[in-house]
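One structure below.
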Amino acid sequence: MPFRPTVLIALLFASMAPSTPHAGEWAKLAEDGVHDPKGPAIGLLQQPGDALPNLPGDTAGNQVHWIKALRTGVIQPRPNLDPAREDRRLDKDIYLDLYGSMPSVRFPHLAHTEWLDCTNCHDHLFLPKRGANNISMFLILQGQQCGVCHGAVAFPLTECSRCHSVPNNQAQRIVAAIEAEEAKRSAADGDKAAAPTTNSESPSKTPTDGGKAKTK
Amino acid sequence: MSAIASARLMPALLLLGVALGTGVSTRSHAEYADVVLNRNAEKEGMRPVVFPHWFHRIRFRCKVCHAELGFKMRAGSNLVTMGDIIDGKFCGACHNGEIAWAPENCDLCHSGKPGLPPGIFGGHETNGPGIW
């Protein structure tokens with residue numbers, strides 16, 4: 001029989017791999033409800049549907065998996081205009097919601113600081129101290145805390161499992177191990193009267209400029 | 001794979017392929033994270049400004065605009081004037097004829113539909129900050 005379904009199936013999956021497919025089409029600028037279809041720029045501006053299909057797919061938001069796009073080097077967004085300005089990173093996961101009805105939340109500092117500066121969150125959205133913020137899904141859905149970005153620019157709040165991503169018992173074990181390690185360290189530092197919450201992993205520069213314009 | 005099983009599987013897979021290839025939904029709303037800036041533009045006879053996050057985040061990380069250049073993360077909260085832009089602030093830090101095209105291309109920024117209020121568009125899930 002000349003018809004070979006297996007080949008077709010293999011081709012189909014190969015065309016989908018390695019990333020999630022895009023969920024649908026991107027609206028045309030002239031029909032998107034914000035651009036003036038009679039304006040002179042409408043034929044000059046780039047259509048999302050011309051640029052975004054080339055980036056790793058996702059099912060929500062811009063239908064782009066922005067973290068994959070960045071880490072695979074498909075896009076190389078600049079981290080600064082002034083090359084002397086430091087591109088601060090922190091590789092530290094924070095586990096939230098250890099005992100709730102939903103799986104625990106893993107907040108990855110690294111994925112965030114690849115895009116954002118510390119001052120975008122600290123201290124006006126979150127104090128840089130584990131457990132010091134009353135983070136709640138209610139406030140997030142109102143566009144506060146994580147919801148300042150998620151639901152506006154970063155992937156939307158419908159993607160529950162991208163935040164609630166770790167089984168509770170696993171997160172509890174990880175946090176217990178972190179706390180034991182910190183207790184050991186602060187016992188060792190005890191004589192030097194170090195503050196027990198001091199974080200040895202945080203960069204030497206603390207966020208102080210509050211995200212204010214340097215031009216003003 | 002037996003002939004019967006593959007015969008049953010094929011239409012489903014082909015449908016899936018067609019759906020993925022051509023897209024199932026045609027969306028008639030703004031691209032996710034588009035921002036309209038219109039505190040004064042329309043009052044002064046220009047179309048509202050449409051700022052596309054998707055286009056800029058391909059080229060710049062958030063920290064460039066929201067830390068280095070000082071754009072506050074709240075649609076409508078930045079008072080941006082043409083004077084600032086021509087002085088090299090806000091959009092003008094890049095739209096200066098060097099990093100990006102110069103401010104004289106009025107219509108590329110002032111491309112919005114008349115009557116739009118300032119705000120974030122395209123977020124069908126939530127509409128961003130509710131309480132400030």
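The values are calculated or read from the model by the stated rules, or taken from the named source; none is laboratory data. Everything numeric here is computed off the predicted structure, so don't read it as measured data. For neighbour counting, all protein chains shown are included, and Cβ atoms are generated from backbone atoms with ideal geometry for every residue, glycine included. Protein only, heavy atoms only, side chains kept; ligands, DNA and RNA dropped before computing areas. Shrake-Rupley method; radii C 1.70, N 1.55, O 1.52, S 1.80 Å.
Couple of notes before you dig in:
- Over 30 Å (Cα to Cα) - which of A:K68/A:K129; A:K68/B:K63; A:K38/B:K43; A:K28/A:K68; A:K129/A:K184 fall in this group: none
- Label point distance in nm, A:I94-A:D189, each placed 7 Å from Cα along Cα→Cβ: 1.8
- Note on A:L127 and A:E181: the model spin-label points, each 7 Å out from Cα along the C-beta direction, lie 2.4 nm apart.
- For B:F90, the accessible surface of its heavy atoms amounts to roughly 20 Å² (probe 1.4 Å, protein chains only, rounded to the nearest 10).
- A versus B: buried accessible surface, summed, Å² (probe 1.4 Å, to nearest 100): 5900
- Point-to-point label distance, B:I99-A:L139, nm (Cα→Cβ direction, 7 Å offset): 3.2
- Selection among B:C65, B:G115, B:T81 by position relative to the dipole of segment B:34-126 gives B:C65 as farthest towards the positive end (Cβ unit charges, Cα centre).
- For B:E68, the accessible surface of its heavy atoms amounts to roughly 0 Å² (probe 1.4 Å, protein chains only, rounded to the nearest 10).
- Largest-first ordering by accessible area, 1.4 Å probe, given options A:Y99, B:Y32: A:Y99, B:Y32
- Most to least accessible of A:E86, B:E42 (protein chains only, probe 1.4 Å): A:E86, B:E42
- A:E114 accessible area, 1.4 Å probe, all protein chains in place, Å² to nearest 10: 20
- Scattering profile of segment B:34-126 at q = 0.16, 0.20 Å⁻¹ [log10 I(q)/I(0), Debye over alpha-carbon scatterers]: -0.65, -1.07
- Taken as Cα centroids, segment A:25-47 and segment B:75-109 sit 20 Å apart, rounded to the nearest whole angstrom.
- Potential lengthening between A:L81 and A:Q170 on full extension [0.36 nm per residue; Cα-Cα distance subtracted]: 27.9 nm
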